[in-house]
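First the structure, then my questions, so here it is.
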Amino acid sequence: MIARVVVTPKPLVNDPQGITVKAGLATLGFKEVSDVRIGKYIEVRLDAASEHEAKQRVEAMCRQLLANHVIEDFRFEIETEASPKR
Amino acid sequence: MKFGVVVFPGTWSDRDCGWVIDQVLGEQLQYLWHKDADLKGCDCVILPGGFAYGDHLRTGAIARFAPVMEKVGEFADRGGLVWGICNGFQILCEAGLLPGALTRNSSLEFRCAWTNLLVERNDLAFTKQCSDREVISVPISHGEGSYFADPATLSRLEQNGQVVFRYCDPAGNVVAGANPNGSLHNIAGIVNKRGNVLGMMPHPERCSEAELGGTDGLKLFRSVAESAMRVLVS
Amino acid sequence: MKVEEIDEKRLREVALTTEEYRVIVEQLKRQPNDVELGMLGVLWSEHCSYKTSKALLRRLPSSGAGVLQGPGENAGAIDVGQGWAAVFKIESHNHPSAIEPYQGAATGVGGIIRDVIAMGARPIALLDSLRFGPLPASSHHFEGVVAGIGGYGNCMGIPTVGGEVFFDDCYAQNPLVNAMCVGLVPVHRLMRARAEGTGNSLLLVGADTGRDGIHGASFASVELDEASSERRPAVQVGNPFLEKCLLEACMDLARTDAVVAIQDLGAAGLTSSVAECAGRVEGAGARIDVSRVPRREKGMTPYHVMLSESQERMLVVVQRGREPEVEAIFRAWDLTSAVIGEVTDDGCLTVVDGRNEVARLPIALLTDGAPLRRLTGVAPAARASLDLDQLPPLVDAGASLLRLLASPNLSSRRGVFRRYDHMVGDSTVIPPGGDAAMLRVKGTRLGIAMTTDGNSRYCHLDPNLGAQLAVAEAARNIVATGARPLAVTDCLNLANPDRPEVYWELEETIAGLAQACRDLELPIVSGNVSLYNDASGSSPIHPTPVVGMIGLIDDYGRRLQAGLHHEGDFVLLVGSSHNDLGGSEYLKVEHDRVAGRPPALDLAREKATHKLMLEAAGADLLRSAHDCAEGGMLVALAECCMLGGVGVRCPALKPEAPVRVDAAFFGESPGRFIVSVASRAMPEMQTLARRHRVEISLIGLAGGDVIEFEGQFRVSIAAMRQAWEGDLI
């Protein structure tokens, strides 16, 4: 299975990278952009008996390591891989 | 006073802290390897600066799971002195021993420069040699030193007087122009409620000899060395 | 054997000429297979073989008192006293930085650090000499490179203490990134990378090997063109954390005597490191089993493994039977290591894949077989001349000063060096911002001064003189700190040597370097050559020799810095000024011209001036010292005032004919320093100067918060700082 995890800064947290990128987009002519927030995308391949089990495990991974609850939020999706890699 | 200096893979201020403790102060020094869950009877444990585990994922995120950190947590619970400098401060926050988190500098650049700090607590083991509201000169060297905590936590920190150091101008005014990284409330260092766990972004081990530009850092080391606090074994 | 049988395309892929292929077939008495061809291609590339420059480089002086190791090893080494050796080298990473500035610069830093580690030394400092096209067009290169250097050096905890940044149109498509590393090691622990002891094991440690950077060495040996973007994978991604662990583990190796040698893997990866290591021992060979090399990816062929340029890997020669000791040290730092082969005595590099032999080449053919290229240099058309009589006279020196201070090549570099950790290690006693930086040797009172210097505009106008001037300037920067210059590492950056005028530049640059180093008694103990800096063949860079130099002071407590601090001190100009405006910043900034001859250099006079300075420093006569360089006397004086926070009040500057006023303020005559001296020290200073036959003249008296030349101009320190530092807070 693949878990596709997205970690984003909490709304209250200052995101200087996002601010800079927004300014960069404006310079390029994309003035319709009102906000940019920059996070991380993490792919985790794992073995699990069921999608439910995978969800539980990935949730624990996010809470314990992949996201810092003080400054980050997380969400993820689980996909079953069609043909597992050997 | 026996100082312990924790070494993670990627730490490098350990040798600088060690130099100050051993060569400048002449106190007992013990390096503590991250894999050893043993504090070897140290009275003060320092988590020094560096890029523990390359700062991969987040600064301090992986380091805080090292075997030695469990002992550090227990030691802190018992009232032992724990001192996190730069990366060490980041690790303490990730480990939950201090509230809040350190984020990317607002300039998005790594910054190595001298800063002025207003000392707001001089009653701690770490700061007894400082006078009240003294302005000390200590260099910073980081890319992710901007302190963040949610409004409730921040409010609690201020009310409890847990802010120990704040970035200020040479005259002691806490102004935006003196803030090198965008830290909320110009916070450069905080202590836990009990007063035994200190985290600070600036590097006192880099200003403990006149020939390196200043000796204000030595005041902090001396304060700890002369502290009468000892760990009570329950 | 029909040489025509070889596919032209295949030869191009490995960057070999048909003539070179012919030589290979002749020497092997057969055709090389694919793997062998790939190995020869990278080892015979310009970057690895130095086939174009080797013969010329032999003219550089490399011996002298105190030289422990000259060129030929991973870095050079100098005895600095009290049982310590300083190990240092400068290297370029230009082509990768043009394509991917951050990673190109980062991996360049990583590579030079490993060269120092291979000598058994702990790296203590980094310096970076950088050149870009003008901003803002070259922002992408500039920002990426500065960030990459910081990203790697800061993470490793090695202070970046010096370097330079220059902007010129000729670098717009060919930025230059020259990284220098200095390390320290006790003399008796200095290591060499010699594969000694038949049967000893070859251990590979560090990163897993992947497919990155294959043919990176060849990539650096040709001009960049549109096809280069397809070779994008040739730029590797650095892992400074891994290298930090590698560094500590290698330092721990000193605890065991089981290690015979350490060799870093750089350009051409395993092939070159094994070949070079064995090549240093007469008759030695090596047998490598690629199946034992730890890999990052599946499906790698022996070709991939032998040519991979994956970063952060070292080769260790270990006494047979003692591998477990060494592996244990690496394991403690969570590093993967594997025995991949052994030292033999058949003079060949044999590659096997498990049971099958995949390649077998004579070591000598790999390391020394590339036919040296015999090229002819032809001097280009004369550069624009400068007729001083036609040059408009100076109108307002103060206004010119402010414009110069704000100009891209003279403005403050604080915005750059504050992005580098320059304090880690608690050893930096002179931080960036002045002349040379200086680090102390802990446990002693020794101070090591270090600098990188070069002026490509001078070299464009006269490569021989330009190279000499670079050596002289580096020496002056060292002397200005109170240290005596010891030795040099050089990086030569040039365009395509197949062009006769560029080959001439190479000849002349080396000749100038050789002469200056000989006359100033400075051995060149290591260095690097980077050719083909010429994107699409239409934008060659100016010849750019970069001189890295280290110096020594016996007591760093006596070091000098540039700032004026004491009101009432006499501010003196040491050395003589002439109408040296050719190739100057003043000429470029104020008159938009690059013309004339670079300043004339009298090496004997230069040497005498350095001697005077060191004697005066030794006698405690000097309160501060600063080298006069680009921008001339007035820019140097402005820096002294800004760095110390004290101004200077001077009588009107009325130079003696034929020296013009503009030349007196802004001319770039070499061999000059600005010093401040307590009034009571003046008589002795004058006596010393007379003895050394060096001219000294009074500029003014330190004090106040302006620079004032009576009746000529007055500029406040605040105004100068605004021009020099702009918006930097």
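What follows is calculated from the coordinates using simple rules that are stated; it is not laboratory data. Because the structure is predicted, anything quoted here is derived from the model rather than measured. Here the Cβ is made from the backbone with ideal geometry for all residues, glycine too, and neighbour counts use every protein chain on show.
Using a ≥ b ≥ c from the Cα gyration tensor of the stretch B:2-233 (square roots of the eigenvalues), is it rounded, prolate or oblate, where a/c under 1.5 gives rounded and otherwise the larger of a/b and b/c decides, a/b for prolate?
Rounded, because the longest to shortest axis ratio a/c is under 1.5.
Taking amide hydrogens as modeled 1.01 Å from N in the peptide plane, which residues meet the under 5 Å criterion relative to residue B:168, leaving out close sequence neighbours?
B:116, B:117, B:118
Here's another thing I want to ask about it. Trypsin sites (Lys or Arg not before Pro) within the stretch B:130-234: which are DSSP loop residues with at most 12 other Cβ atoms inside 10 Å?
Filter output for the stretch B:130-234: B:133, B:193, B:194, B:230.
Could I ask something else about it? Determine the relative contact order of the stretch A:2-79: mean sequence separation of Cα pairs under 8 Å and six or more apart, normalised by residue count, in whole percent.
RCO, the stretch A:2-79: 52 percent.
Sum -39500 (n - 2.57) across every DSSP H segment of at least 4 residues in the protein assembly as shown, then divide by the residue count to get the 222 nm mean residue ellipticity, nearest 500.
That comes out to -8500 deg cm²/dmol.
Okay, moving on. What's the average, rounded to a whole number, of partner chain beta-carbon atoms within 10 Å of each residue's beta-carbon in C:381-392?
Mean inter-chain Cβ contacts per residue within 10 Å come to 0.
Straight distance only, please: which aspartates and glutamates reach the Cα of residue C:588 with their own Cα at less than 12 Å, same-chain residues fewer than 8 apart left out?
Correct list for residue C:588: C:168, C:630.
Which residues make up the longest stretch of chain C clear of GluC sites (Glu not before Pro) that lie in a DSSP loop with no more than 14 other Cβ atoms within 10 Å, not counting the sites?
C:1-281
With the cut-off at 1.5 for a/c, could you classify the stretch A:2-79 from its C-alpha gyration tensor as rounded, prolate or oblate?
The shape class here is prolate.
Which of the aspartates and glutamates could a cross-linker bridge to residue A:22, judged by Cα under 17 Å and excluding same-chain residues fewer than eight apart?
A:32, A:35
List the aspartates and glutamates whose Cα sits under 16 Å from the Cα of residue C:611, skipping any in the same chain fewer than 8 residues away.
Candidates past the 8-residue exclusion: C:473, C:519, C:521, C:554, C:602, C:620, C:627, C:684, C:695.
Return the Cα extents of chain C along principal axes one, two and three, sorted largest first, each rounded to a whole Å.
Cα extents, longest axis first: 87, 55, 45 Å.
Right, another one. Residue by residue through the stretch C:506-521, which ³J(HN,Hα) values in whole Hz follow from phi under the Karplus form 6.51 cos²θ - 1.76 cosθ + 1.60 (θ = phi - 60°), with glycine and proline marked x?
4, 4, 5, 4, 5, 4, x, 4, 4, 5, 5, 5, 5, 5, 8, 6
How large is ³J(HN,Hα) for each residue in the stretch C:281-291, as worked out from phi by the Karplus curve 6.51 cos²θ - 1.76 cosθ + 1.60 (θ = phi - 60°), to whole Hz, x for Gly and Pro?
So the Karplus estimates, Gly and Pro as x, are 10, 4, x, 6, x, 8, 10, 10, 10, 5, 5 Hz.
Are there trypsin sites (Lys or Arg not before Pro) in the stretch C:419-522 that DSSP puts in a loop and that have at most 15 other Cβ atoms within 10 Å, and which ones?
Those satisfying the criteria are C:442, C:445.
Follow-up question, since we're still on this one. Starting from the 7 Å offset along Cα-to-Cβ, what nm value, one decimal, do you get for the label separation of residue B:33 and residue B:132?
So the two model labels end up 4.8 nm from each other.
Here's a follow-up. For a quick check: sort C:687, C:481, A:20 by the number of other beta carbons within 10 angstrom, fewest at the front.
Starting with the residue having the fewest Cβ neighbours, the order is C:687, A:20, C:481.
Averaged across the residues of C:158-168, what count of C-beta atoms belonging to other chains lies within 10 Å of each residue's C-beta?
What the average comes to for C:158-168 is 0.
So, one more: What ranking of C:389, C:368, C:662, C:592 emerges when the number of other C-beta atoms within 10 Å of each C-beta is taken as an exposure proxy, fewest first?
C:389, C:592, C:368, C:662
Over the stretch C:341-412, calculate the relative contact order: mean separation of alpha carbon pairs under 8 Å at least 6 apart, over the residue count, as a percent.
For the stretch C:341-412, the relative contact order is 14 percent.
May I pose another question? Between the stretch C:534-548 and the stretch C:122-153, how far is it from one alpha carbon centroid to the other, in angstrom?
Distance between centres, Cα-based: 17 Å.
So for B:43, C:453, A:35, fewest C-beta neighbours within 10 Å to most, what's the order?
Arranged by neighbour count, lowest to highest, B:43, C:453, A:35 become A:35, B:43, C:453.
Shifting gears a bit: Residue separation times 0.36 nm, minus the C-alpha to C-alpha distance between residue C:600 and residue C:388: what's the value?
Stretched fully, the residue C:600-residue C:388 segment lengthens by 74.8 nm.
Using amide H atoms built 1.01 Å from N in the peptide plane, name the residues 5+ places from residue B:51, or on other chains, whose amide H lies under 5 Å from its own.
B:11, B:12
What does the extension gain come out to for residue C:301 and residue C:727, with contour length at 0.36 nm per residue minus their alpha carbon separation?
148.0 nm
Once you keep just the Cα pairs under 8 angstrom separated by 6 or more residues, what percentage relative contact order results for the stretch B:2-233?
Taking the mean separation of contacting Cα pairs over the length of the stretch B:2-233, I get 20 percent.
Distance between Cα centroids, the stretch C:351-397 to the stretch C:235-279: provide it in whole Å.
Result: 27 Å between the Cα centres.
Once both labels are modelled 7 Å past Cα along the beta-carbon direction, what's the residue B:185-residue A:12 spacing in nm?
Those two pseudo-labels are separated by 1.2 nm.
Amide H of residue C:80: which non-local residues (sequence gap of 5 or more, or other chain) have their own amide H closer than 5 Å, using H built in the peptide plane?
It is C:85, C:86, by chain and number.
Turning to a different aspect of this structure: Decide, for the protein assembly as shown, between rounded, prolate and oblate: order the square roots of the alpha carbon gyration tensor eigenvalues as a ≥ b ≥ c, take rounded if a/c falls under 1.5, and otherwise choose prolate if a/b is larger than b/c, else oblate.
Judged from the Cα gyration tensor, the protein assembly as shown comes out oblate (a/c at least 1.5, b/c at or above a/b).
Need one value for B:131-143: mean number of C-beta atoms belonging to other chains within 10 Å of its residues' C-beta atoms.
Rounded to a whole number, the mean comes out at 2.
Calculate the length of the line joining the C-alpha centroid of the stretch C:618-654 to that of the stretch B:167-203, in whole Å.
Using only Cα atoms to place each centre, the spacing works out to 37 Å.
Taking the Cα-to-Cβ direction at residue C:334 and at residue C:611 and moving 7 Å from each Cα, how far apart do the two end points lie in nm?
5.8
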